Ligand code: ADP
């Protein structure tokens, strides 16, 4: 099962992708997490990416395509994978089409988690994250419910970076959805509700037989 999770920053992609990955026993490929790992390790890529992430901007298509190419070639992706955070631009989507063809793979479904802009701004401002497992929590939580690590604020969740992230999403990433709508692969899911409700909708969208699947407009 090859799945692509699409949505704005703060739409809940990461949370849903982690659960889906556990459910299907396939890797969750989150390009944002991969970049943050490079930053933490102080690699040359991390040093280059750090100020870009902090400002809420996008790392270049060339770098991102290279990262994803290497990741998808790893053997753990053979049974399937869940892509989260890529492609974020139309050139990335076109490169991914080519890469999938080269590898003899195709996406089974693109899940679009739809959330209003006002709700996104509210969720991102002040949310906290576990530095160990990347789970996110609402403001004023202190420790991760799973591994007890003390929560921190992601640098790009600080107010000065939140708006640029939404703006670049609207400009560069919204057109990516049309790329997949053309291929009739998109299931649109209301991303406002409890995590459990949303998860059940996502699971239904990815597991129901193609013939009975309701296509989004
Ligand atoms: P979110 O979706 O909440 O913004 P992510 O963890 O997916 O968070 O990404 C964090 C940051 O990493 C992005 O704002 C961007 O700077 C960088 N990034 C991640 N994926 C990509 C990508 N495919 N292209 C360009 N930049 C990316």
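Is there any pair linking a residue in region 9-30 that is touching a residue at least 40 places away in the same chain (Cβ under 8 Å) and closer than 28 Å to residue 167 by Cβ to one that is within 12 Å of the ligand (Cβ to nearest atom) and in a loop (DSSP other than H, G, I, E, B), with Cβ under 6 Å and at least six apart or on different chains, and which?
Taking only residues 6 or more apart or on different chains, the pairs are 11/115; 30/85.
Which residues, counting only those in region 94-105, are surrounded by fewer than 20 Cβ atoms within 10 Å (Cβ to Cβ) and part of a helix (DSSP H, G or I)?
To start, the set of residues in region 94-105 that are surrounded by fewer than 20 Cβ atoms within 10 Å (Cβ to Cβ) comprises 94, 97-105.
The answer is 94, 97, 98, 99, 100, 101, 102, 103.
For region 115-155, which positions are in contact (Cβ under 8 Å) with a residue 24 or more places away in the chain, surrounded by 15 or more Cβ atoms within 10 Å (Cβ to Cβ) and out of contact with any helix residue (DSSP H, G or I) (no Cβ under 9 Å at 6 or more places or on another chain)?
The answer is 123, and nothing else.
Name the residues in region 73-92 that are assigned to a helix (DSSP H, G or I) and either modelled with pLDDT under 95 or surrounded by 20 or more Cβ atoms within 10 Å (Cβ to Cβ) (or both), would you? Even if it seems obvious, please write down each step before you answer.
Applying the first criterion (assigned to a helix (DSSP H, G or I)) to region 73-92 yields 75-77, 90-92.
Within region 73-92, just 92 meets the criteria.
Can you tell me how many residues in region 176-197 are exposed (fewer than 13 other Cβ atoms within 10 Å of the Cβ) and either in a loop (DSSP other than H, G, I, E, B) or within 14 Å of the ligand (Cβ to nearest atom) (or both)? It would help to see each step written out before you state the result.
In the first step, residues of region 176-197 are kept if they are exposed (fewer than 13 other Cβ atoms within 10 Å of the Cβ); the result is 178, 182-184, 190, 194-197.
Checking the rest, the ones that are also either in a loop (DSSP other than H, G, I, E, B) or within 14 Å of the ligand (Cβ to nearest atom) (or both) come to 182-184, 194.
Residues in region 176-197 being exposed (fewer than 13 other Cβ atoms within 10 Å of the Cβ) and either in a loop (DSSP other than H, G, I, E, B) or within 14 Å of the ligand (Cβ to nearest atom) (or both): 4 in total.
Could you list all residues from region 63-81 that are free of Cβ contacts under 8 Å to residues at least 40 places away in the same chain and within 12 Å of the ligand (Cβ to nearest atom)?
63, 64, 65, 66, 67, 68
When region 34-62 is examined, which residues are found to be part of a helix (DSSP H, G or I), surrounded by 15 or more Cβ atoms within 10 Å (Cβ to Cβ) and within 11 Å of the ligand (Cβ to nearest atom)?
From region 34-62, those part of a helix (DSSP H, G or I) are 34-41, 44-54, 61-62; that's our starting set.
This time we only want the ones that are surrounded by 15 or more Cβ atoms within 10 Å (Cβ to Cβ), so: 34-36, 38-39, 45-46, 48-50, 52-54, 61.
34, 35, 36, 38, 39, 49, 50, 52, 53, 54, 61, listed by residue number.
Those residues that are within 10 Å of the ligand (Cβ to nearest atom) and either more than 18 Å from residue 88 (Cβ to Cβ) or surrounded by fewer than 22 Cβ atoms within 10 Å (Cβ to Cβ) (or both), I need them from region 15-33; list them, please.
31, 32, 33
Could you grab the pairs with beta carbons closer than 8 Å, sequence gap of 6+ or different chains, first residue in region 158-169 and part of a helix (DSSP H, G or I), second one at pLDDT below 90 and surrounded by fewer than 19 Cβ atoms within 10 Å (Cβ to Cβ)?
Final answer for the pair search is 159/125; 161/155; 162/125.
The values are calculated or read from the model by the stated rules, or taken from the named source; none is laboratory data. Note that the structure is a prediction, hence the values are computed from the model and not measured. Positions of Cβ are backbone-derived with ideal geometry, glycine not excepted, and every protein chain shown enters the neighbour counts.
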